[in-house]
Amino acid sequence: MDLVLDAADHYLLTPYVYPASWPEVGALRQVISLLVLTNVGAELLYLGVAAFNFYCVFDHRLMKHPHFIENQLQREIRLGVTSIFWMSFPTVALFFAEIKGYSKLYDNISDSALGWPGVILSVAGFLFFTDMVIYWMHRILHHKSVYKYLHKQHHIFKIPTPFASHAFHPADGFLQSLPYHVYPFLFPLHKVAYLLLFVFVNIWTISIHDGDFRLPWPLVEVVNGAAHHVDHHLYFYYNYGQYFTLWDRLGGSYRHPSVLRGKGPLDHIRKITASGESRR
């Protein structure tokens, strides 16, 4: 995150925002800057990508489904925006630790013992590690002892739109984002790769809520896409994974997407429509 902070200081904050008496390395200034940058960046990423997906990708026929609740879109956006705001506070604490040098993030490819292959391996490790930890964390959040306090807010939306992607209780959202932030404290990772992965995981989270159930057939059994995740919202105990189906298969919670068996939400809408027309 220091790359973003340095750029913001250079082009905006130092010349136009902060008084000269506030040094760039001052802890209070850095925390304030990180809070603003994290909030603005995360909110714009969420609203921008979710809006694009909603208007350009999401199948609006899904809004006719019986499980699509009243004022759902407004409720998703309000909860998503609020959650991101509150999540930013503990997230900034981790970002602050990163810029103070407590993580294993590095600046140059030469800092990796394996060079470019090391960078590629660290990206693969990031995806594997976060997918594994989020899977088990997600299952724990479905346990009856904690579900109603945290994760239930997200599952109000049984037919999610892209705006449901970040519509969590703030504690729930932060817990599920924690593996992304913990990884660079445990394993080496290039700073640019980390920033790109941070953007990627947010876009991916939106994409698995976007109602586009298409997936190339060789990837259906491997990648956890929107077709898999809508079954998680509808049937609760299946497809907890983030990117892949591996841990659902190992954990016995994998469900082949209903949409690929002619039993998805759009199929349900077509049956209701056909039934209504036949009664006329």
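Read-outs throughout are calculated quantities, based only on the coordinates presented, and are distinct from any laboratory measurement. Here the structure is a predicted model, which is why all the values come from computation and not from measurement. Cβ placement follows ideal geometry from the backbone for every residue including glycine, while neighbour counts extend to all protein chains displayed.
Remarks
- Separation between Cα centres of the range 192-269 and the range 1-48, rounded to whole Å: 35 Å
- Under a Gaussian network description of the chain, with springs only between Cα atoms under 10 Å, the residue in 102, 135, 240 that fluctuates furthest is 102.
- For the range 144-280: relative contact order, % (alpha-carbon pairs under 8 angstrom, 6 or more apart): 20 percent
- Estimated from helices alone, the mean residue ellipticity of the chain at 222 nm is -19000 deg cm²/dmol (sum of -39500 (n - 2.57) over DSSP H runs with n ≥ 4, per residue).
- Prolate/oblate/rounded call for the chain, Cα gyration tensor, a/c under 1.5 rounded: prolate
- Under 14 Å between alpha carbons - lysine pairs in the chain that sit 8 or more apart or on different chains: 6
- Under the Karplus curve 6.51 cos²θ - 1.76 cosθ + 1.60, θ = phi - 60°, whole-Hz ³J(HN,Hα) for the range 121-138, x wherever Gly or Pro sits: 5, 5, 5, 4, x, 4, 5, 5, 5, 5, 4, 5, 5, 5, 4, 6, 5, 5
- Relative contact order, whole percent, for the chain stands at 23, derived from Cα pairs under 8 Å and 6 or more residues apart.
- Among 138, 268, 233, residue whose mean-square fluctuation peaks in a GNM of the chain (springs only between Cα atoms under 10 Å): 268
- Amide H within-cut-off set for residue 106, under 5 Å, with H built and near neighbours excluded: 189, 190, 191
- Using θ = phi - 60° in the Karplus curve 6.51 cos²θ - 1.76 cosθ + 1.60, the 3J(HN,Hα) couplings for the range 36-53 round to 5, 5, 5, 5, 4, x, 5, 5, 5, 4, 4, 5, x, 5, 5, 5, 4, 5 Hz; x is entered for Gly and Pro.
- Using θ = phi - 60° in the Karplus curve 6.51 cos²θ - 1.76 cosθ + 1.60, the 3J(HN,Hα) couplings for the range 261-272 round to 10, x, 10, x, x, 5, 4, 5, 5, 4, 5, 4 Hz; x is entered for Gly and Pro.
- Of the peptides 68-79, 7-18, the ranking by mean beta-carbon count within 10 Å, highest at the top, reads 68-79, 7-18.
- Applying both filters, DSSP loop and at most 14 other Cβ atoms within 10 Å, to the chymotrypsin sites (Phe, Trp or Tyr not before Pro) of the range 203-236 gives 236.
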